[in-house]
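The values are calculated or read from the model by the stated rules, or taken from the named source; none is laboratory data. Source: prediction; values computed, not measured. Heads up, the Cβs are rebuilt from the backbone with ideal geometry, glycines too, and the neighbour counts pull from every protein chain shown. The accessibility values were calculated without ligands, DNA or RNA, using every heavy atom of the protein model including side chains. Shrake-Rupley method; radii C 1.70, N 1.55, O 1.52, S 1.80 Å.
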Amino acid sequence: MNNKAIGIFDSGVGGLSCVKELLHILPGEDIKYLGDTLRMPYGIKTIEELHRCACDNVDFLQRRGVKLIAAACGTVSSNVPKENMANLTVPFVDVIRPTVTAALAATRSKRIGIIATPATIKANSMGRRLEEMDSDIKVIGVPCPDFVPLIESGHLDDDIIRKSAQSYLAEIKAFGADTLILGCTHYPLISKVIREILGDDVALIDSGREAATGIKTALESLGLLNEKTSGGKTEFFVTNNTEAFDAVAGIFLGENANIKSVLKDIKE
């Protein structure tokens with residue numbers, strides 16, 4: 001048993017898709033969430049910049065005594081392998097393996113689409129992993145650079161996000177994918193819009209939800225669960241603009257609408 005908190009980071013509100021699922025499947029666990037809102041979006045950064053951000057985020061959470069760290073970020077997961085983080089001293093979970101495993105289980109036609117940030121699509125980590133696991137799989141990846149800034153600005157269900165989604169998802173529809181990986185943890189926040197455009201026959205794979213499942217599995221295998229069944233506390237830290245984060249987080253999490261994030265310098 002381990003009563004320390006789970007550490008989770010992302011560039012902004014996206015990782016809340018992971019937090020939301022954890023609140024349901026591990027309601028007794030404490031969570032420390034870091035949204036690096038000062039340096040978002042991550043999807044247009046260089047590999048060197050992403051490495052610096054990831055290591056800074058890991059350091060920040062480790063200084064707060066967490067027992068495990070999860071990169072609830074497709075861009076970091078695709079571009080910064082944990083073995084490249086020399087400062088990592090606790091178990092680490094990313095979104096790649098649990099997400100592609102779920103996609104393979106869901107597809108019937110073996111045609112899988114991936115939407116993600118430009119950096120994630122360029123790295124092609126998810127596409128390669130899918131093809132390694134099943135050589136018959138056909139994959140299309142579509143970069144969606146506008147999604148993260150729009151979501152961070154609160155455009156979760158309006159004509160602005162809908163117009164952007166229609167443009168990006170046209171390739172997915174033309175490809176005939178029966179399964180779509182939401183390869184950035186921001187994207188489940190607009191899953192309603194995506195579902196409207198693609199219809200009910202396309203399985204949506206929520207990378208945030210799958211990351212949460214991966215966290216639970218890792219904690220169980222390492223004997224790190226705290227064994228409480230309720231009463232977990234979640235702390236939110238951001239590196240810029242608490243009001244914008246709190247507003248979007250409140251809409252998405254719902255039952256935790258009175259969110260009060262704490263502004264922190266990443267080096268604190």
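Okay, here's what the table says:
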| read-out | value |
| --- | --- |
| Odd one out for Leu224 among (1) over 30 Å from Glu268 (Cα atoms); (2) touching a helix residue (DSSP H, G or I) at 6+ places or on another chain (Cβ under 9 Å); (3) open to solvent by 20 Å² or more (accessible area, probe 1.4 Å); (4) of a type outside the set (Gly, Ala, Ser) | (1) |
| Members of the range 155-164 that are open to solvent by less than 30 Å² (accessible area, probe 1.4 Å) and not in a helix (DSSP H, G or I) | Leu156 |
| Complete set of residues in the range 180-205 that are part of a strand (DSSP E or B), closer than 25 Å to Gly250 by Cβ and open to solvent by less than 30 Å² (accessible area, probe 1.4 Å) | Leu182 |
| Residue, farthest from the chain's Cα centre (by Cα), within the range 68-90, restricted to residues that are open to solvent by less than 20 Å² (accessible area, probe 1.4 Å) and small (Gly, Ala, Ser) | Ser78 |
| Of the criteria (1) part of a strand (DSSP E or B); (2) free of Cβ contacts under 8 Å to residues at least 60 places away in the same chain; (3) not β-branched (Val, Ile, Thr), which one Ala70 fails | (2) |
| Close pairs (8 angstrom Cβ cut-off, 6 or more residues apart or separate chains): closer than 26 Å to Gly113 by Cα in the range 88-101, open to solvent by 50 Å² or more (accessible area, probe 1.4 Å) anywhere | Asp94/Lys82; Ile96/Arg129; Arg97/Arg129; Pro98/Thr213; Pro98/Thr217; Val100/Arg129; Val100/Met133; Thr101/Met133 |
| Filter result (of a type in the set (A, V, I, L, M), modelled with pLDDT under 95 and within 17 Å of the chain's Cα centre (by Cα)) within the range 213-250 | Val248, Ala249 |
| Qualifying positions in the range 29-53 - part of a strand (DSSP E or B) and among the hydrophobic types (A, V, I, L, M, F, W, C) | Ile31, Leu34 |
| Verdict on Val93 being crowded, with 22+ Cβ neighbours inside 10 Å, out of contact with any Cys (no Cβ under 8 Å at 6 or more places or on another chain) and under 23 Å from Leu61 (Cα atoms) | yes |
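Each row is one residue, and each column tells you yes or no for (1) at pLDDT 95 or above; (2) open to solvent by 50 Å² or more (accessible area, probe 1.4 Å).
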site: Thr99; (1), (2): yes, no
site: Ala103; (1), (2): yes, no
site: Leu130; (1), (2): yes, no
site: Pro143; (1), (2): yes, yes
site: Ser153; (1), (2): no, yes
site: Gln166; (1), (2): yes, yes
site: Leu169; (1), (2): yes, no
